[in-house]
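*Asks:* Could you have a look at this structure, given as structure tokens, before my questions?
The values are calculated or read from the model by the stated rules, or taken from the named source; none is laboratory data. Fair warning: this is a prediction, and the values are worked out from it, not measured in the lab. As a convention, Cβ positions derive from the backbone with ideal geometry for all residues, glycine included, and neighbour counts pool all protein chains shown. Ligands, DNA and RNA are excluded from the accessible area calculation, which covers all protein heavy atoms including side chains. Shrake-Rupley method; radii C 1.70, N 1.55, O 1.52, S 1.80 Å.
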Amino acid sequence: MSAQVLIVDDDLAHRSMLKTIIKGWGYDVAEADDGDIAVEMVRNQSYDSILMDIRMVKMDGITALELIKEYNPSIPILIMTAFSSVDTAVKALKIGAYDYLTKPLDFDVLKLTLERMLDHTRLASENEELRSILEPNNMGMVGNSDVIKELRKIIATVAPSEASVLITGESGTGKELVANAIHSASTRADKAFVAINCAALSENLLESELFGHERGAFTGADRRREGRFVQADGGTLFLDEVGEIPVSLQPKLLRALQQGEVQRVGSDTVEKVDVRVITATNRDLPEEVENGNFREDLYYRLNVIALRVPALRDRPSDIPLLAEFFMKKYSNKNRKSIKGLAPQAMDTLIRYGWPGNVRELENVIERAVIMTMGEYISTRELPLSLSAKENEAPVQPSQAAALTGMSLDELERKAILATLEESEYNKSKTARKLGITRATLHNKLKRYGFE
């Protein structure tokens, strides 16, 4: 379906001429012969843009503009005026009109202005969608792919329970982010979220960190200290890289989980704790159990609910959103005014395999923001390794547009066409595969001339 333009003009001959011309440019056209009718039409139907005369008998264009903007402030309205009414047209701009044109109209200027207005509508829609992706109800996980949407659903289902959760996935995929999302959506959200990396400490230090110690329990223990279990009492304890916990320490962890009890190093006193434990690992724990490196009973205690965080290469449609998110984050942090990424730079990011996942992408964008001197990040600011052939992700059929030398628009157009064909022109299926909404797909199909 083409973009819808509403023409508001009480001069029938002028309105009919405009309708013929604008329809010839490929737009759908609706008509209103006065401002009051236009206001009513806007309340009952959505239009992409409005072309409105300023002088009409029943309700003038200024009044209609005010009422329409009150109801729908985002719709772009182009005012038509006689030269003698330019002052009134300027007033219309202050109220919120997109622009004004003087009669007799220059149709080349009208066509160009309409195109800009419709681009404005499209960008506003896409920005709104981006904002919705980054809202708190999306749990801080940037992305709109099917796998991320499914992960959000599972988190929303699991979070209110008291079950232990084991999060698996490659390094850098954002396992701690998922753990934090579970805590934030749980009944414990107003209590502490305490995290510890089990791989970063030796056995003795890890025991002390988890359970605490008494003064003099070991060399350097010059005071009594609470462990992470006590710190997280009433809240959530996140054990990252839980597969690295030494076998000798695992029985004490199992007891804390089963009995809700912890004992400081060097103490005979047992303390009761109420803690929900979430764990994460990039190891194959069943294999570790098989090899005797991880207790089977502890594994089953931790693995009540299993969540797997997808690798970045498994959700390539999220790369532009993530890149935009990190670009804004680090631009603000470094007081830079970077507007975006050049098409070739974005193409390079999409084609790369990302063995370090989201963490690697974040590091690349942070570096690029710091190195960029202009308004856009180019391939010059990206590491050379991203362009190396051996590091490129395998191109799937639905990503067949990723060909050297094309602009980002060309890449996107070809990707949409390839996915449409692959989905037998089922638009809902196409949108799901591309990781976008059906409305966004509709806008892109119109933009690239598929509709």
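*Asks:* What part of the accessible area of the chain, given as a whole %, is carbon or sulfur when the probe is 1.4 angstrom?
*Replies:* 49
*Asks:* Please name which of Leu166, Ala431, Asn293 has its Cα lying farthest along the dipole of the chain towards the positive end, using unit charges on Cβ (Lys, Arg +1; Asp, Glu -1) and the Cα centre as origin.
*Replies:* Highest projection toward the positive end goes to Asn293.
*Asks:* While we're looking at this one, here's another question. Would you please state which residues of the range 231-261 a label at Ile305 would reach in this model, taking the label point 7 Å out along Cα→Cβ and a backbone N cut-off of under 19 Å?
*Replies:* It comes to 233-242, 257-258, nothing else.
*Asks:* Here is a follow-up. Nearest 0.05, what FRET efficiency do Val109 and Arg380 give at R0 = 41 Å with Cβ-Cβ as r?
*Replies:* 0.65
*Asks:* Relative contact order (percent) for the chain, with alpha-carbon contacts under 8 angstrom and 6 or more residues of separation?
*Replies:* About 12 percent, as a whole number.
*Asks:* Which translational diffusion coefficient, to the nearest whole µm²/s, is obtained for the range 323-387 from the Stokes-Einstein equation, given a Kirkwood hydrodynamic radius over C-alpha pairs, 37 °C and 0.692 mPa s?
*Replies:* Answer from the Stokes-Einstein relation: 284 µm²/s.
*Asks:* Summing Lys, Arg as +1 and Asp, Glu as -1, what charge do residues with Cβ under 14 Å from the Cβ of Glu271 carry, Glu271 excluded?
*Replies:* Net charge around Glu271: +1.
*Asks:* When the chain is fully extended, how far beyond the present Cα-Cα distance does Asp119 get from Arg359, taking 0.36 nm per residue of separation?
*Replies:* Stretched out fully, the Asp119 to Arg359 stretch lengthens by 83.1 nm.
*Asks:* Further, regarding this structure: Can you figure out the FRET efficiency of Thr187 with Ser267, using R₀ = 45 Å and their beta-carbon distance, to the nearest 0.05?
*Replies:* After rounding to 0.05, the efficiency reads 0.90.
*Asks:* Under a point spin-label approximation (7 Å from Cα along Cα-to-Cβ), what is the Arg313-Val289 distance to one decimal in nm?
*Replies:* That separation, rounded to one decimal, is 2.8 nm.
*Asks:* OK, next. For each pair in Lys69/Lys429; Lys103/Lys446; Lys191/Lys433; Lys333/Lys446; Lys175/Lys429, compute the distance between the two Cα atoms and list the pairs where it is over 32 Å.
*Replies:* Listed pairs above 32 Å: Lys69/Lys429; Lys191/Lys433; Lys333/Lys446.
*Asks:* Please express the shape of the range 248-304 as an equivalent ellipsoid: the semi-axes are the square roots of 5 times the eigenvalues of the C-alpha gyration tensor, given largest first in whole angstrom.
*Replies:* Largest first, the range 248-304 gives 24, 13, 9 Å.
*Asks:* Further question on the same structure: For the range 142-264, list log₁₀ I(q)/I(0) at each q in 0.13 Å⁻¹, using the Debye formula over Cα point scatterers of equal strength and ignoring solvent, two decimals each.
*Replies:* For the range 142-264 at q = 0.13 Å⁻¹, log10 I(q)/I(0) is -0.59.
*Asks:* Cross-link partners among aspartates and glutamates for Lys272, C-alpha distance below 15 Å, same-chain residues fewer than 8 apart left out?
*Replies:* Straight-distance partners of Lys272: Glu226, Asp233, Glu261.
*Asks:* Compute log10 of I(q)/I(0) for the range 58-122 with the Debye formula, placing one identical point scatterer on every Cα and leaving out solvent, at q = 0.17, 0.22, 0.25 Å⁻¹, to two decimals.
*Replies:* For the range 58-122 at q = 0.17, 0.22, 0.25 Å⁻¹, log10 I(q)/I(0) is -0.60, -0.96, -1.15.
*Asks:* If R0 is 30 Å, what FRET efficiency do you get for Leu93 and Lys333 from their C-beta distance, rounded to 0.05?
*Replies:* 0.25
*Asks:* Pairing the Cα long axis of helix 12-24 with the longest principal axis of the chain, what angle in degrees results, from 0 to 90 and rounded to the nearest 10?
*Replies:* With both axes taken from Cα atoms, the answer is about 50 degrees.
*Asks:* For labels at Ser171 and Leu254 in the simple 7 Å Cα→Cβ model, what's the distance in nm?
*Replies:* 2.9
*Asks:* At 7 Å along Cα-to-Cβ for each site, give me the label-to-label distance between Val57 and Arg438 in nm.
*Replies:* Each label point is offset 7 Å from its Cα along the Cβ direction, giving 4.3 nm.
*Asks:* What's the extension gain from Met373 to Ser2 if we count 0.36 nm per residue and subtract their Cα-Cα distance?
*Replies:* 129.6 nm is the gain from fully extending Met373 to Ser2.
*Asks:* With a 1.4 Å probe and all protein chains kept in place, how do Ser378, Ser317 rank by accessible area, largest first?
*Replies:* Ser317, Ser378
*Asks:* Shifting gears a bit: Out of (1) 21.5; (2) 28.6; (3) 34.6, which label holds the value of mean projected area of the Cα convex hull in nm² that was computed here?
*Replies:* Recomputing mean projected area of the Cα convex hull in nm² here gives the entry labelled (2).
*Asks:* Please compute one quarter of the surface area of the Cα convex hull for the range 152-201 and express it in square nanometres.
*Replies:* That works out to 4.0 nm².
*Asks:* Need the list of aspartates and glutamates near Lys328 for cross-linking: C-alpha distance under 19 angstrom, and skip anything on the same chain fewer than eight residues off.
*Replies:* Glu126, Glu128, Glu129, Glu135, Asp318, Asp347, Glu360, Glu362, Glu366, Glu375, Glu381
*Asks:* What whole number of Å gives the distance from the Cα centroid of the range 28-56 to the Cα centroid of the range 137-187?
*Replies:* Cα centroid of the range 137-187 versus Cα centroid of the range 28-56: 45 Å apart.
*Asks:* Let me ask you something else. Stokes-Einstein diffusion coefficient for the range 219-266 at 20 °C in a medium of 1.002 mPa s, Rh from the Kirkwood formula over Cα pairs: what value in µm²/s?
*Replies:* My calculation gives 174 µm²/s for D.
*Asks:* What does the range 218-323 give for Rg and for Dmax, in Å, if only its C-alpha atoms count?
*Replies:* Gyration radius and largest Cα-Cα distance of the range 218-323: 17.3, 55 Å.
*Asks:* Sticking with this structure for a sec: How much accessible surface area, in Å² rounded to 10, belongs to the heavy atoms of Lys427 with a 1.4 Å probe?
*Replies:* 70
*Asks:* Quick one: net charge around Ala159, please, counting Lys, Arg +1 and Asp, Glu -1 for every other residue with C-beta under 12 Å from its C-beta.
*Replies:* Here the count lands on +3.
*Asks:* Rounded to the nearest 500, what is the 222 nm mean residue ellipticity of the chain from helices alone, with -39500 (n - 2.57) per DSSP H run of 4+ residues and division by all residues?
*Replies:* It lands at -13500 deg cm²/dmol.
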